[in-house]
Amino acid sequence: MYDKSTLKKSEKLFYVSLPEIRKFVRDFHQEMWKGLCGKKSSLKMIHTYLRKPTGSEKGRFLALDLGGTHFRVMSLELKGKRKTGASSVKTFVLGKKHITGKGKELFDFIAGCIKIFMKEYKLDTGAEYSVGFTFSFPVKKKGIASGVLLRWTKDFSASGVEGKDVVELLNASLERKGLSGTKITALANDTVSTLTARSYEDPDCDVGVILGTGTNACYPEKDREIVNIEWGNFNKQRLTHYDRKLDKCSGNPGEQLFEKMVSGMYLGEVVRRLAKDLLPGINFPKYFKSEYASAIESDTSKGLRKTGSLLKKIGIKSSDYADRKLLKKACVIVSTRASRLAAAAIASVITKMDPRLGRRHTVAIDGSVYEKHPRFSCRVKNTLKEIFGGKARHIKLVLTKSASAKGAAIIAAA
Ligand code: GLC
């Protein structure tokens, strides 16, 4: 059942044209400006009380990274002169009970992981440590080492945390675990840690972006303080009826609308909703992961055989070549829109700092979508060329892997 006209309509519906991108940039600037002035805006423009590092930070530091289903503990040596030394990392997996249960259990679990890490790497649990904590949720900062969680995103819902200072909660759990010398001395968003990690070695770096389970960015404002944009909540872009329905069925309707069109947590679901219309004969399972969409788009096997076996694995027993081709098209349509929107947002941040694009800008990017999707990064780059022409050469996009933890260590050192 291959309906050409429905496909054409969907392609048109999801396509973000250049004039639309230009309007996006104008609206984004206006929302940034409103957010900075404290006016009502979909962009929170959160103060971080942090500046870019100088590159001379030195010493050995502990860092924590919480922002999804994995929690990371890292110890890192900074040598000064923009060089880092040896590091050790350990990753722990959070269970559903930590993500959606009681907040106290979540923080006690994290403190327990830190204790395991310290024992494994023979760090004295009785000694004093300053720790950098990357916490990738919208937090209203009160100072460098404190911040109140405004609200959970990315389907976290641990109770008793919203409205509370997450550093106080973690310090209390550390004490309960007998680690009273281990103190959180800096709290940062993952975008800020990513920007910090890259700019420690590269002074041209002035944007930190996450394109993973969630999406967000930060940059230094004129007074050089880094601002956490929380761009996942931007809502001036054109939505389709698919986006509206997805939003309605989500855990946080009306919020994080940009994130729901761009990030890994939702891309698979957008594909599923579109594919249901394109392929009414196929019964899609409720959870269609973004990884499936990535795998299908990467499939170049004859007759899209690999897609066929993936579909079998998720319970779709029979599909013919035409079905698989159409499903691949749906993946392309959705991820192309996501990458063009991501490029539009990056362009907005850069032109906020440098309207004529006269300087060099390194954009440090981390996250599974940017890293693992077969065509995402290339499409972002091409869209920036469309927007800026030859001047796009001033923009360097660099994948800055596992920078969240490293950045937190540098922030703790600063
Ligand atoms: C969500 C969070 C934001 C974070 C982003 C990427 O949008 O609200 O704070 O930076 O995910 O992890």
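The values are calculated or read from the model by the stated rules, or taken from the named source; none is laboratory data. Keep in mind it's a predicted model, so treat the numbers as computed, not measured. Glycine also receives a Cβ, built like all others from the backbone with ideal geometry; neighbour counts cover every protein chain displayed. What goes into the accessible areas is simple: the full protein's heavy atoms, side chains included, and nothing from ligands, DNA or RNA. Shrake-Rupley method; radii C 1.70, N 1.55, O 1.52, S 1.80 Å.
Could you check region 1-116 for strands (runs of 3 or more DSSP E) lying wholly inside it with 3 or more residues that are open to solvent by less than 10 Å² (accessible area, probe 1.4 Å)?
Correct list: 58-66, 70-80.
Among the residues of region 251-272, which ones are surrounded by fewer than 24 Cβ atoms within 10 Å (Cβ to Cβ), more than 18 Å from the chain's Cα centre (by Cα) and in a helix (DSSP H, G or I)?
272
Would you confirm whether any residue within region 317-327 is aromatic (Phe, Trp, Tyr) and open to solvent by 50 Å² or more (accessible area, probe 1.4 Å)?
Yes, the conditions are met somewhere in region 317-327.
Within region 388-414, how many residues are open to solvent by 20 Å² or more (accessible area, probe 1.4 Å), at negative phi and in a helix (DSSP H, G or I)?
7
Could you tell me whether residue 201 is farther than 19 Å from residue 43 by Cα and not β-branched (Val, Ile, Thr)?
yes
Being within 16 Å of the ligand (Cβ to nearest atom) and more than 25 Å from residue 8 (Cα to Cα), is that true of even one residue in region 269-292?
no
For region 129-167, name all the residues that are assigned to a strand (DSSP E or B), within 10 Å of the ligand (Cβ to nearest atom) and either assigned by TED's automatic domain parsing to the domain that holds residue 215 or of a type in the set (Val, Ile, Thr) (or both).
134, 139
Return the pair list, or none, for Cβ contacts closer than 7 Å from residues in region 164-192 that are over 28 Å from residue 205 (Cα atoms) to residues that are outside any strand (DSSP E or B) and of a type in the set (Asp, Glu), at least 6 apart or on different chains.
So the pair list comes out as 173/108; 176/108; 181/128.
Of all the residues that make up region 168-191, how many are within 12 Å of the ligand (Cβ to nearest atom) and among the acidic types (Asp, Glu)?
Adding up the residues that qualify gives 1.
I'm told residue 220 meets every condition in (1) over 25 Å from residue 401 (Cα atoms); (2) away from the ligand (no atom under 16 Å from the Cβ); (3) not aliphatic (A, V, I, L, M) except one. Can you identify the failing condition by its number?
(1)
Take the residues in region 273-315 that are open to solvent by 30 Å² or more (accessible area, probe 1.4 Å) and among the β-branched types (Val, Ile, Thr); name whichever of them is nearest to residue 259 (Cα to Cα).
Residue satisfying both the conditions and the ranking: 314.
When region 192-204 is examined, which residues are found to be touching a helix residue (DSSP H, G or I) at 6+ places or on another chain (Cβ under 9 Å) and either acidic (Asp, Glu) or within 16 Å of the ligand (Cβ to nearest atom) (or both)?
192, 193, 194, 195, 196, 197, 198
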